[in-house]
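Beneath this line is the structure, given in structure tokens, with notes to follow.
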Amino acid sequence: MENLNDLQAFVAVARERSFTRAAAQLGLSRSALSHAMLSLEARLGVRLLTRTTRSVSTTEAGARLFNALSPRLEEIGQELSSLAAMRDKPAGTVRITAHDHAISTVLWPRLLPLLREYPDVRVEFSVDYAFTDIAAQRFDAGVRVGDRVDKDMIAVRIAPDLRMAVIASPAYMSGKRPPAVPHDLAEHRCINLRLPTHGGLYAWDLEKDGQAVKIRVDGQATFNNTFLMLQAALDGMGMAYVPFDLVRAHLESGRLVPVLQDWWPDFPGYHLYYANRRQVSPALALVIEALRLRDATADSSSRPLGARMHP
């Protein structure tokens with residue numbers, strides 16, 4: 001670092017051909033600058049400057065060093081200025097890992113207007129059902145249900161509470177006895193979700209009057225994608241456990257029917273989590289503010305299905 005400072009000082013002297021003017025630019029005294037140049041010449045073992053009482057000029061070696069250094073130091077200065085400008089002008093790529101349902105229903109609808117307004121901001125989405133270590137995987141942020149994150153992370157709520165629903169097609173339910181309690185699901189074909197962690201199958205979380213149960217189900221079809229599970233249910237392949245907002249229109253149209261509705265649980269809504277750093281890039285700051293939930297009371301997922309279908 002000492003060499004770099006002296007090289008910058010040398011370029012200033014060679015350009016100005018004056019210790020006095022160069023010292024004023026660098027904020028140094030003339031004697032300190034002169035001493036720094038003598039030290040640089042001693043370290044390099046070659047004379048760089050010819051001094052007279054009236055002027056300063058470069059030697060052949062000094063001219064060669066000046067021609068090599070000057071454009072490079074200028075380029076570095078321009079790049080540093082460009083980086084400084086990025087603090088005020090949002091730009092760059094924000095990488096987010098999230099559930100496909102979160103991307104489709106929350107992230108994309110809210111970030112689309114932002115991307116249109118800020119053409120220099122880019123967002124890269126990665127679909128993942130795991131709680132990703134965003135620092136290790138070089139993501140800027142992640143999304144998960146609930147606000148429980150590691151102590152070095154910050155969680156920001158971006159969606160209302162999430163209601164999960166058990167549904168099936170009328171064709172599948174035709175001639176079958178609807179389950180009365182969660183354990184009756186063992187008598188039915190169900191559509192499974194395989195989780196990336198250890199490759200396990202997700203156990204359905206159901207709850208009624210404070211009684212919570214986890215039910216493992218079985219069936220012919222297993223997916224690692226919520227939307228494909230929904231399609232399988234629409235195709236009559238069995239019962240599925242999916243976010244209510246994803247199936248609401250199908251329930252209203254009669255393409256799907258509710259199952260075990262009294263046992264549908266509510267979970268804390270989606271939260272965006274990111275590293276607890278003092279400085280957040282302008283692009284990430286824009287994304288956080290665009291996603292931040294403003295009014296949690298606007299959601300209707302906790303009202304009875306009948307009230308939603310017949311307002």
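For (1) out of contact with any strand residue (DSSP E or B) (no Cβ under 7 Å at 6 or more places or on another chain); (2) free of Cβ contacts under 8 Å to residues at least 24 places away in the same chain; (3) not small (Gly, Ala, Ser), each residue gets a yes or a no:
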site: 38; (1), (2), (3): yes, yes, yes
site: 45; (1), (2), (3): yes, yes, no
site: 50; (1), (2), (3): no, yes, yes
site: 58; (1), (2), (3): no, no, yes
site: 64; (1), (2), (3): yes, yes, yes
site: 67; (1), (2), (3): yes, yes, yes
site: 77; (1), (2), (3): yes, yes, no
site: 80; (1), (2), (3): yes, yes, yes
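Going by what's in this entry, would residue 217 be described as assigned by TED's automatic domain parsing to the domain that holds residue 247 and in a strand (DSSP E or B)? When the stated conditions are applied, residue 217 does not pass them. I need every pair where a residue in the range 4-33 that is touching a residue at least 40 places away in the same chain (Cβ under 8 Å) has its Cβ under 7 Å from the Cβ of a residue that is outside any helix (DSSP H, G or I) and loosely packed, with under 15 Cβ neighbours inside 10 Å, sequence separation at least 6 or different chains. As it stands, the answer is 17/55; 17/57, since those pairs meet every condition given. Within the range 199-219, being surrounded by 13 or more Cβ atoms within 10 Å (Cβ to Cβ) and out of contact with any Lys or Arg (no Cβ under 9 Å at 6 or more places or on another chain) holds for 207, 208, 213, 215, 216.
Residue 205 meets each of the listed conditions (1) in contact (Cβ under 8 Å) with a residue 60 or more places away in the chain; (2) part of a strand (DSSP E or B); (3) touching a Leu at 6+ places or on another chain (Cβ under 9 Å) apart from (3).
For residue 64, the conditions (1) among the basic types (Lys, Arg); (2) assigned by TED's automatic domain parsing to the domain that holds residue 275; (3) surrounded by 13 or more Cβ atoms within 10 Å (Cβ to Cβ) all hold with the exception of (2). Within the range 226-235, the presence of at least one residue that is in contact with a Ser or Thr (Cβ under 7 Å, 6 or more places away or on another chain), modelled with pLDDT of 95 or more and either assigned by TED's automatic domain parsing to the domain that holds residue 178 or hydroxyl-bearing (Ser, Thr, Tyr) (or both) is confirmed.
Of the residues making up the range 109-130, at least one is farther than 18 Å from residue 290 by Cα and loosely packed, with under 15 Cβ neighbours inside 10 Å.
In the set (1) surrounded by 20 or more Cβ atoms within 10 Å (Cβ to Cβ); (2) in contact with a helix residue (DSSP H, G or I) (Cβ under 7 Å, 6 or more places away or on another chain); (3) assigned to a strand (DSSP E or B), residue 159 fails one condition alone, (3). If the condition is being farther than 16 Å from residue 233 by Cα and touching a residue at least 40 places away in the same chain (Cβ under 8 Å), then the range 185-202 contributes 195, 196, 197. Given the conditions (1) at pLDDT 95 or above; (2) buried (at least 20 other Cβ atoms within 10 Å of the Cβ), which single one is not true for residue 193? Of (1) at pLDDT 95 or above; (2) buried (at least 20 other Cβ atoms within 10 Å of the Cβ), only one is false for residue 193: (1). Yes or no: residue 134 assigned by TED's automatic domain parsing to the domain that holds residue 106 and buried (at least 16 other Cβ atoms within 10 Å of the Cβ)? So residue 134 passes the test.
Pairs meeting the criteria (first residue in the range 259-287 and more than 30 Å from residue 215 (Cβ to Cβ) and of a type in the set (Ser, Thr, Tyr), second residue at pLDDT 90 or above and surrounded by 22 or more Cβ atoms within 10 Å (Cβ to Cβ), beta carbons under 6 Å, at least 6 apart or on different chains) are 274/141. For beta carbons closer than 7 Å, sequence separation of 6+ or different chains, a first residue in the range 138-161 that is assigned by TED's automatic domain parsing to the domain that holds residue 291 and at pLDDT below 85 and a second that is among the polar types (S, T, N, Q) and not in a strand (DSSP E or B), the qualifying pairs are 152/276.
The values are calculated or read from the model by the stated rules, or taken from the named source; none is laboratory data. Keep in mind it's a predicted model, so treat the numbers as computed, not measured. With ideal geometry, Cβ positions are generated from the backbone for all residues, glycine too; neighbour counts draw on all protein chains shown.
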